[in-house]
Each structure stands twice: as C-alpha cells, then as structure tokens.
1. Hey, can you find the accessible area per residue of the chain for me, probe 1.4 Å, expressed in square angstrom?
2. Over the chain, calculate the relative contact order: mean separation of alpha carbon pairs under 8 Å at least 6 apart, over the residue count, as a percent.
3. If you take mean projected area of the Cα convex hull in nm² from the coordinates, which of [x] 10.6; [y] 18.0; [z] 11.9 do you get?
4. How far is helix 161-177 tilted, in degrees, relative to the longest principal axis of the Cα atoms in the chain, given as a value from 0 to 90 rounded to the nearest 10?
5. Hey, what's the Cα Rg ratio for the stretch 78-178 versus the globular rule of thumb, 2.2 N^0.38 Å?
6. Mind checking which of S81, S139, S114 has the largest fluctuation in a GNM of the chain, springs on alpha carbons under 10 Å?
7. Within 10 Å, count the other beta carbons around each residue, average over each peptide in 130-136, 163-169, and list them highest first.
8. For the residue pair L85 and D29, what label-to-label distance in nm results when each label sits 7 Å from Cα along the Cα-to-beta-carbon direction?
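The values are calculated or read from the model by the stated rules, or taken from the named source; none is laboratory data. If you're wondering where the values come from, they're calculated on a predicted model, not measured in any experiment. All Cβ positions, glycine included, derive from the backbone under ideal geometry; neighbour counts span all protein chains shown. In case anyone asks, the SASA skips ligands and DNA or RNA and just uses the protein heavy atoms, side chains included. Shrake-Rupley method; radii C 1.70, N 1.55, O 1.52, S 1.80 Å.
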Amino acid sequence: AHFELHIRRDPSSIAFAVLGREDEDHEWDYGAVLCLTGCDPERLSAEIATGICFRPYIRSNGAILAATLLVRYCMNPTTASPPGLGLRRLSWISHTNNIPSLTIGSTIGFKVESIRRWHRMATDGKANNGRALREDDSSGLPGVDVNILAMCWDDWDEEGSKLAEQILSHRLLHVKHG
C-alpha cells in the first residue's frame with residue numbers, strides 16, 4: 001500500500017529495480033529497489049528516500065554499486081558521458097537508526113546536513129523515535145526521525161564524480177573477476 005500510494009501514484013517519484021546475479025552461471029534476479037522521491041525539475045533536486053535490498057544481496061557490494069550508479073545518473077550533467085539529469089541537489093534520507101543506510105550514503109560521498117525530528121509517522125509497528133507523544137496527539141502513532149545527507153553539484157564536481165568512478169571501477173572489476 002505504501003509503495004502504491006507514495007511512489008507509484010506520485011508523479012514526483014520513480015522506482016528503479018536493481019538486477020543482480022551471483023556470477024555468470026546464475027540467472028539475473030531482483031537485488032534491490034531504489035526510489036527517487038520529491039523530484040523537482042524547477043529546483044533541479046531529488047531525494048533518495050526508499051531503498052530495499054533483498055536478502056541474497058544484503059551485505060554484498062550490490063547496494064553501494066546500485067546507489068552509486070543512481071547518484072551518477074542524477075548528478076552527471078546532461079552533456080557528460082554518460083549523460084545524467086544534471087541535478088543541483090540530491091538528498092539521502094534515512095531513519096536515524098538505519099546504520100547500514102547511513103554508511104552507504106557516507107561511503108558514496110553524501111555529507112550529513114541535519115536530523116529532521118518527527119519527520120513522519122511510524123505505522124504498523126515500524127521502528128520509531130521512541131519518544132512519548134503529546135497528550136492530545138490526534139494520530140496516536142509514534143514518530144520517526146530521519147538523517148538528511150546531501151550532495152550538491154559543487155560536491156559532485158569537486159570530489160563526488162571521482163569517488164563514484166573509483167567505486168564503480170573497483171566494484172565492477174571485483175564483480176567481473178571476483
């Protein structure tokens with residue numbers, strides 16, 4: 001229901017399926033889903049806000065590789081090779097307790113900007129911020145705090161693109177010859 005309502009029906013969001021395989025002898029399989037949300041062509045910005053890595057690919061290097069490819073697509077200018085969207089700002093939004101996600105964001109060059117407290121409501125028993133609600137809270141649902149990491153065009157031009165190419169060349173060589 002969340003995916004249908006907040007990603008598929010939202011014209012400012014798009015989902016990418018990430019395919020992977022163990023080696024050349026295995027079939028391609030779904031490894032992950034990465035979503036861009038809050039895509040704003042007027043401000044040339046977007047957010048990587050939803051990432052789901054499926055069990056066989058957790059703790060493989062696939063998540064870093066897929067995220068790096070998406071960042072390169074978002075940040076590369078339209079005239080670059082390969083061409084990208086030429087965004088000015090790309091955010092990485094992650095639950096404050098999601099250490100693996102925060103680690104991936106930092107590893108691929110995002111910089112911590114802030115913590116957004118009470119960013120959304122935690123539904124269906126999902127992890128929350130653990131703080132008590134105000135007495136007259138109308139929802140009765142706990143809150144979620146998120147970390148906001150960002151990469152802007154100048155970060156990309158100064159160091160991000162070089163870091164992405166290092167990650168991609170190392171990971172692709174490792175996967176190909178691993």
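1. Values: 11510 Å² over 178 residues.
Counting only protein heavy atoms, the per-residue value for the chain is 65 Å².
2. Relative CO of the chain lands at 17 percent.
3. [z]
4. 70 degrees
5. Values: Rg = 18.1 Å, N = 101, 2.2 N^0.38 = 12.7 Å.
Here the answer is 1.43, to two decimals.
6. S139
7. Working: 130-136: 8.7, 163-169: 15.3.
In decreasing order of mean packing, 130-136, 163-169 become 163-169, 130-136.
8. 2.9 nm
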